[in-house]
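The values are calculated or read from the model by the stated rules, or taken from the named source; none is laboratory data. In this text, all values refer to a predicted model and were calculated from it rather than measured experimentally. Please note: Cβ atoms are built from the backbone with ideal geometry, for glycine as well, and neighbour counts cover all protein chains shown. Accessible surface areas use protein heavy atoms only, side chains included; no ligands, DNA or RNA. Shrake-Rupley method; radii C 1.70, N 1.55, O 1.52, S 1.80 Å.
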Amino acid sequence: MSAPQTGEAASPLQICRIMRPDDANIVGNVHGGNILRMIEEAGCIVSTRHCNTQNGDRCLAALVRVEKTEFLSPVFIGEVAHVTAEITYTSKHSLEVQVKVMAENILTGAKKLANKAALWYVPCSLRNVDKIMEVPPIKYASAEQEEEGRKRYEAQKMERLETKARIEEVMPSPPNPEDPPKEKHTVGFSQSSLIHLVGPSDCTLHDYVHGGVTMKLMDEVAGIVAARHCNTNVVTASVDAINFHRKIKKGCVVTVTGRLTFVSNKSMEIEVLVDASSLVEAEKGKYRAVSAFFTFISLDKDNKPLPVPALKVEGEDEQRRFDEGKARYLQNKEKRLSDKTRRQ
């Protein structure tokens, strides 16, 4: 295979799939985790294809970060999800992929924008998973477009470094069934965990877990937390940046734990942490693999937002996390208003 000329444009990729009953919750909304998984699959394909257009070792693109993702419209059973992925920036060792999800009603032909996301990948050699390959550069439409991409690259790199400061925080154990029940609407009442043994179908060619598999598990746990707090139908509204700190290998046991950190009048912020440990190398211990904040909203039978019960905060740590969550909520609200004003 010959190497492309420097600065060659990368072709966008589109995949589509009809949404089936097993993709959705009990009221017919497609799980946010399934949308995240499709987004990651498209990003992985377009990144891997691009990185293998050069001579040298063959490689596979590994997900390292997902930027803040907004779920703009619900997707329902029977609709077709069209997922388009395009490489929008390349550094020496990483790629930014922007993904758009359109939902199509095939009975009426109507289409709606369901989701937009930006993901970052690094190419790992198939011969040595710890070897990060160089990324072929892409051609930009203008110098301004390249500069904007560079700014996004520097910003995400800085945020990943800042996130490392709190990834070692220990998540409290889930409630023991023999203990007295926690008071309703407290953090402890809704905190939930899921334990999953990583099998071959969860993994890439490297025998490491697909990022989309992990994100689906995280969304499921966050949804359980939100439903326990509200006792209503809940859906994913957005996901703050998802950071993949360390790889998870086939045969590991992953513990995905979610807890409420902040509640506004109509939304819930849920911190989700993924810890992994090897069954065959138990002496290495458990480690923090992924972290993120999910935002859920409560819906009535007509899919209209419902008020969310207030969170009962207990102790200094819960109050600190609540205050940090409130700051993120206000910052995101201000950004949405700013974006809306700029579009008008």
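Numbers at a glance
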read-out: Subset of the stretch 226-257 (residues that are within 27 Å of E96 (Cβ to Cβ) and small (G, A, S)); value: A237, S238, A241
read-out: Which listed residue is assigned by the TED database to the domain that holds V135, modelled with pLDDT of 95 or more and closer than 30 Å to Y329 by Cα, from V46, V83, V75; value: V83
read-out: Positions within the stretch 89-100 being more than 19 Å from the chain's Cα centre (by Cα) and closer than 14 Å to K151 by Cα, in sequence order; value: Y89, T90, S91
read-out: Out of M102, M38, sole residue that is open to solvent by less than 30 Å² (accessible area, probe 1.4 Å) and under 26 Å from V234 (Cα atoms); value: M38
read-out: When residues of the stretch 311-329 are limited to those that are within 18 Å of V239 (Cα to Cα) and in contact (Cβ under 8 Å) with a residue 40 or more places away in the chain, the one surrounded by the most Cβ atoms within 10 Å (Cβ to Cβ); value: G325
read-out: Boolean, N332 is part of a loop (DSSP other than H, G, I, E, B) and surrounded by 12 or more Cβ atoms within 10 Å (Cβ to Cβ); value: no
read-out: Number of the condition not met by K247 [criteria: (1) open to solvent by 20 Å² or more (accessible area, probe 1.4 Å); (2) in contact with an Asp or Glu (Cβ under 7 Å, 6 or more places away or on another chain); (3) within 16 Å of L63 (Cβ to Cβ)]; value: (2)
read-out: Residue check, E220 more than 30 Å from I45 (Cβ to Cβ), touching a strand residue (DSSP E or B) at 6+ places or on another chain (Cβ under 9 Å) and either at pLDDT 95 or above or not aromatic (F, W, Y) (or both); value: no
read-out: Every residue from the stretch 105-133 that is open to solvent by less than 40 Å² (accessible area, probe 1.4 Å) and assigned to a strand (DSSP E or B); value: A114, N115, A117, A118, L119, W120, Y121, V122, P123, C124, S125
read-out: Long-range neighbours under 6 Å by Cβ, at least six apart or interchain, first residue closer than 18 Å to I35 by Cβ within the stretch 233-262, second assigned to a loop (DSSP other than H, G, I, E, B) and of a type in the set (A, V, I, L, M, F, W, C); value: N233/V27
read-out: Selection within the stretch 13-27 - within 20 Å of the chain's Cα centre (by Cα) and either in a loop (DSSP other than H, G, I, E, B) or at positive phi (or both); value: M19, N25
read-out: Residues of the stretch 183-216 satisfying the condition of being open to solvent by 30 Å² or more (accessible area, probe 1.4 Å) and in contact with a Lys or Arg (Cβ under 7 Å, 6 or more places away or on another chain); value: E183, H185, F189, P200, D207, Y208, K216
read-out: Cβ pairs under 6 Å, 6+ apart, first in the stretch 25-49 and small (G, A, S), second open to solvent by 10 Å² or more (accessible area, probe 1.4 Å) and not in a helix (DSSP H, G or I); value: G28/F76; G28/I77; G32/F71; G32/T236; A42/L13; A42/I15
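Here's the yes/no breakdown for (1) touching a residue at least 60 places away in the same chain (Cβ under 8 Å); (2) open to solvent by 10 Å² or more (accessible area, probe 1.4 Å); (3) within 18 Å of V235 (Cα to Cα); (4) not in a loop (DSSP other than H, G, I, E, B):
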| site | (1), (2), (3), (4) |
| --- | --- |
| E269 | yes, yes, yes, yes |
| V274 | yes, no, no, yes |
| S277 | no, yes, no, yes |
| F293 | no, yes, yes, yes |
| D302 | no, yes, yes, no |
| P309 | yes, yes, yes, no |
